[in-house]
Amino acid sequence: MSDTPETTRPGDEAEDERVREVGSDPPAQDEATEGDEPSGEPEHEAVAPAEPDYKDQWLRAVAELDNVRKRARRDAGLAETRGASRLARELLPALDNLERALAAAEAQPENADHHLTDGIRLVQQDLLAALGRAGIVQDSPLGEPFDPHVHEAVAQAPVDGAQTGTIVEVYSPGYHLGDDVLRAAKVVVAA
């Protein structure tokens with residue numbers, strides 16, 4: 001190779017014309033000749049980059065951070081409620097069984113003066129109080145009108161002196177966490 005710049009050979013232009021005739025794409029560059037005059041418009045104007053609006057960006061970042069904080073607080077509250085609700089649903093059958101066992105033990109005449117059942121009853125009340133502090137409320141709707149959203153009718157029975165649709169017996173109490181029903185009360189409704 002030589003250090004001299006490349007020169008075009010006399011047959012190169014004719015060869016380029018033949019390639020164009022065969023169907024190749026024309027060259028991407030403008031076909032301006034040396035004798036053409038410039039059109040007067042610059043090909044590329046130098047566009048100065050606009051300065052970013054830092055105050056607007058800062059305000060948007062602050063608003064986004066505030067939204068993230070609110071979303072995190074809301075999500076944490078929902079997770080806490082779901083956790084308490086799940087724990088309560090697992091504990092409620094055991095609490096019902098404790099109530100049945102205490103009722104059966106207290107019904108026997110030989111246990112009338114036994115203080116063990118009194119102690120277990122205190123433990124049961126402590127457990128109900130702990131659920132109450134967590135926002136879980138027991139619902140025993142005796143004498144209230146039947147509401148299918150919070151009560152489960154197990155049976156209907158004709159009862160003298162009771163208005164139709166009134167709850168006359170509660171088999172198991174219901175439990176609420178705020179407005180959510182954890183378990184519907186199982187009841188007997190007057191027919």
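Here, each number is a calculation from the coordinates, and none is a lab measurement. Bear in mind the structure is a predicted one, so any value in this text is a computation, not a measurement. All Cβ positions, glycine included, derive from the backbone under ideal geometry; neighbour counts span all protein chains shown.
A convex hull fitted to the Cα coordinates of segment 54-134 yields 70 cubic angstrom per residue.
A Förster distance of 22 Å, applied to the separation of the beta-carbon atoms of R82 and V137, puts the FRET efficiency at 0.80.
Among 53-60, 140-147, the peptide with the highest mean count of other Cβ atoms within 10 Å heads the list, and the full ranking is 140-147, 53-60.
Could you give me the percent of Cα pairs per 5 Å distance bin for segment 71-191, shortest bin first, beginning at zero and ending with the bin that holds the maximum distance? Distribution as computed: 2, 11, 16, 16, 16, 15, 12, 7, 3, 1, 1, 0 percent.
Of the residues T164, T117, T81, the one with the fewest other Cβ atoms within 10 Å heads the list, and the complete ranking is T164, T81, T117. Simple spin-label estimate for A94 and D75 gives 3.1 nm between the two label positions (7 Å along the Cα-to-Cβ direction from each Cα). Ranked by how many other Cβ atoms sit within 10 Å of their own Cβ, fewest first, the residues E64, E51 fall in the order E51, E64. Alpha-carbon geometry of segment 136-191: the Rg and the Dmax are 11.0, 35 Å, given in that order.
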